[in-house]
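Contents: one structure, followed by commentary.
The values are calculated or read from the model by the stated rules, or taken from the named source; none is laboratory data. Treat the numbers as computed from the prediction; the structure is a model and nothing was measured. Neighbour counts are summed over all protein chains in view; Cβ atoms, including those assigned to glycine, are modelled from backbone coordinates with ideal geometry. Please note that ligands, DNA and RNA were not included when accessible areas were found on the heavy atoms of the full protein model with its side chains. Shrake-Rupley method; radii C 1.70, N 1.55, O 1.52, S 1.80 Å.
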Amino acid sequence: MTRPHAYVVVLCTLMLASCLMLAQQNAPNTQGIAPPPGGPPPTPARMTFFVTSVGLGKGGDLGGLAGADAHCQALAAAVGAGGHTWHAYLSTQARPGQPAVNARDRIGTGPWFNWSFAQLGQPQNAIISADLAELHGDTLVQAQRGSNLFKQSARNEHGQVIHGIGDTPPIQHEILTGSKWDGRAYTDNADHTCNNWTSSSRRSAQVGHSDRIGNGSSWNSSNATKGCSQADLESTGGAGLFYCFAIN
């Protein structure tokens with residue numbers, strides 16, 4: 001090999017090594033895993049749906065919709081997904097001077113993906129739903145097909161499956177929604193929202209089942225809780241958890 005050719009080979013090798021080192025240093029961090037000291041900050045997560053890993057500890061008193069939204073935002077930010085605007089999937093009922101709010105009207109238009117999509121690209125069970133109509137089964141065909149929100153896809157912000165029927169206790173599959181099957185608020189005089197998510201007293205809230213097992217097997221409207229205290233929610237398989245969706 002001539003001297004000029006050898007020089008070119010050495011130069012190319014050094015440039016390739018430099019590029020590999022730079023790429024490694026600038027590689028995006030995996031969502032939910034703290035970067036090493038001096039490493040790059042996490043990149044915006046592609047996760048646009050999760051179940052809260054913890055509630056607020058006050059039963060159905062979430063501080064209203066604003067408090068629930070803030071909880072979603074804080075949990076998302078803690079795992080590198082704070083670049084999205086997050087809303088809780090919760091309905092509120094009409095009160096004097098206050099119109100009802102439908103959960104389905106608060107969560108954007110989709111599509112929504114869980115933690116698995118953010119981690120691995122698009123593995124099985126990563127997509128929750130393409131849009132609002134599919135999520136709620138608005139047409140007969142969509143209702144028969146169902147959304148992809150079930151036990152293995154309804155994961156929390158850390159990628160963990162929510163404990164449901166058949167799992168090791170505590171069972172926490174009762175998810176607060178305050179909604180009917182179509183994602184809209186109730187219009188009767190009964191309390192379905194723990195006084196619009198401000199009460200932990202003897203009221204009630206409508207819940208769905210994240211594993212879609214029991215009482216109609218609905219992810220968003222299976223049954224009512226027997227009360228709104230933390231103890232009441234836990235006694236029937238809940239923990240004050242709720243769904244969070246990115247609206248952008």
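Filtering Ala126, Ala88, Ala103 for residues that are within 21 Å of His209 (Cα to Cα), aliphatic (A, V, I, L, M) and modelled with pLDDT under 95 leaves a single hit, Ala126. On the stretch given as region 226-248, residues that are open to solvent by 10 Å² or more (accessible area, probe 1.4 Å), in a loop (DSSP other than H, G, I, E, B) and out of contact with any His (no Cβ under 7 Å at 6 or more places or on another chain) total 3.
Scan region 152-164 residue by residue and report those that are under 14 Å from Thr48 (Cα atoms) and open to solvent by 40 Å² or more (accessible area, probe 1.4 Å).
Looking only at region 152-164, we keep the residues that are under 14 Å from Thr48 (Cα atoms), and these are 153-159.
Arg155, His158, listed by residue number.
Consider region 165-186 and keep the residues that are closer than 21 Å to Glu234 by Cβ and hydrophobic (A, V, I, L, M, F, W, C). The one that is surrounded by the fewest Cβ atoms within 10 Å (Cβ to Cβ) is Ile165. Scanning region 167-216 for residues that are without any contact (Cβ under 8 Å) to a residue 40 or more places away in the chain and over 16 Å from Ser229 (Cα atoms) yields Asp167, Thr168, Pro169, Asp188, Asn189, Ala190, Gly208, Asn215, Gly216. The set of residues in region 134-151 being surrounded by 15 or more Cβ atoms within 10 Å (Cβ to Cβ) and at pLDDT 85 or above consists of Glu134, Leu135, His136, Gly137, Asp138, Gln142, Asn148, Leu149, Phe150, Lys151.
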